[in-house]
Amino acid sequence: IGNMMWNLRMLQITSNCKYADLIELIMYNAMLVGQSIDGMEYTYDNPLVSLGNDTRFEWFRCACCPPNVTRTICSIGKYIYSTSEKGIWIHQYIGNNANLDLGSKTIRVSQKTGFPWKGDVNIKLNLIKSQKFSIFLRIPKWSIETELKINGEQYPGSLSSGKYVEIIRNWLDNDSLDISFKMKAIFVESDQRIKNNRGKVAISNGPLIYCLEQKDNKNLDIFTAIIKKDQKLEVKYQPEMLGGVNIITGKDSNGKFFTAIPYYAWNNRGANKMQIWQLAD
């Protein structure tokens, strides 16, 4: 949470997209881990590997994290939007309705999104009267391909990943923007200066980092299995699993199937072995 707050301040100072990307990464893959899916248990740790001895707790003698999570969730709006003299900045794609003050006018912005499972976003504006200003849209660094339509018409400009695109026009009531960020399950390698991660890969899809839990991989040992890097990973939504998640499946070097789940969802079915960085070939 402290890391999110730091990157928010850096974003406010610099308007550099990398800080909004980091906020998204931390929000989904570090902050959410601290609380169980049902909201009843907590943990202070974000281990990259677990031997099966880790668990969450209902409370702590020094319980600063549970209210910190609640406070952050309640203040999530400030991470989604900001305004400047030029217009509205949209940093995060989260379903919401917001009233934003721009000069002497109030603009209502509504978002509907499939995040973090799908990269489809609909943004609708409500204004009392037409107004000219800029909307700055973050194009996430992980987006393989981005498509933008304004009121159903294709946006002709450049949409570069890891940057903001500025759209300046005379906006009208009920104007809408439809954005499609293409997600792809990929293997990620760490900086080679991290010795323990050499020869290993992690799996990501869109804003989410994935892990292997032994519970889903009873046919192999997650600590010794070697993942083939030259394969296409399959993504499938499982509505009944862990509150509804995208799982990712693939094969190890022996042809055995493995299943990966979002890291934030680990340790929600009892303590069991878990690992993010897998041996790879």
- Query: Just how far, in whole angstrom, is segment 40-75 from segment 254-281 if you go by their alpha carbon centroids?
  - Reply: 20 Å
- Query: Ranked highest first by average number of other Cβ atoms within 10 Å, how do 93-99, 53-59, 109-115 line up?
  - Reply: 109-115, 93-99, 53-59
- Query: Measuring from centroid to centroid over Cα atoms, what is the spacing of segment 83-133 and segment 143-164 in Å?
  - Reply: 16 Å
- Computed over segment 185-280, the Cα gyration tensor eigenvalues, each multiplied by 5 and square-rooted, give semi-axes in Å (largest first) of 20, 14, 14
- Could you please report the charge total around Leu125, scoring K, R as +1 and D, E as -1 over all other residues with beta-carbon less than 15 angstrom from its beta-carbon? +4
- Query: Among Lys141, Lys182, Lys218, which comes first, second and so on when ranked by fewest other beta-carbon atoms within 10 Å?
  - Reply: Lys218, Lys182, Lys141
- Task: For a footprinting-style exposure proxy, rank Met183, Met4, Met241 by other Cβ within 10 Å, fewest first.
- Result: Met241, Met4, Met183
- Task: Give the percent of DSSP beta bridges with both residues in the chain that are antiparallel, rounded to the nearest 5.
- Result: 90 percent
- Task: Just rank Tyr44, Tyr264, fewest to most, by other beta-carbon atoms within 10 angstrom.
- Result: Tyr44, Tyr264
- Protection-proxy order for peptides 13-21, 29-37, 223-231, each taking the mean of Cβ atoms within 10 Å per residue, highest first: 29-37, 13-21, 223-231
- Counting Lys and Arg as +1 and Asp and Glu as -1, each charge on the Cβ, what is the dipole of the chain about the Cα centre in debye, to the nearest 20? 360 debye
- Please list 253-259, 144-150, 209-215 highest first by mean number of surrounding beta-carbon atoms within 10 Å per residue. 209-215, 144-150, 253-259
- Item | Sequence-distant lysines (8 or more away, or on other chains) whose Cα lies within less than 16 Å of Lys229 | Lys184, Lys200, Lys251, Lys256
- Under the 7 Å Cα-to-Cβ spin-label approximation, Asn68 and Ile168 lie apart by a distance in nanometres of 4.1 nm
- Hey, of (i) 1.53; (ii) 1.09; (iii) 2.74, which did the structure itself give for Cα Rg over 2.2 N^0.38 Å when calculated? (ii)
- Note on the structure: Expressed as a whole-number percentage, the relative contact order of segment 68-144 with C-alpha contacts under 8 angstrom and at least six residues apart is 25 percent
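Computed from the coordinates by the stated procedures, all read-outs in this text should not be read as laboratory data. On a predicted model such as this, the values are computed, not experimentally measured, just so you know. All Cβ positions, glycine included, derive from the backbone under ideal geometry; neighbour counts span all protein chains shown.
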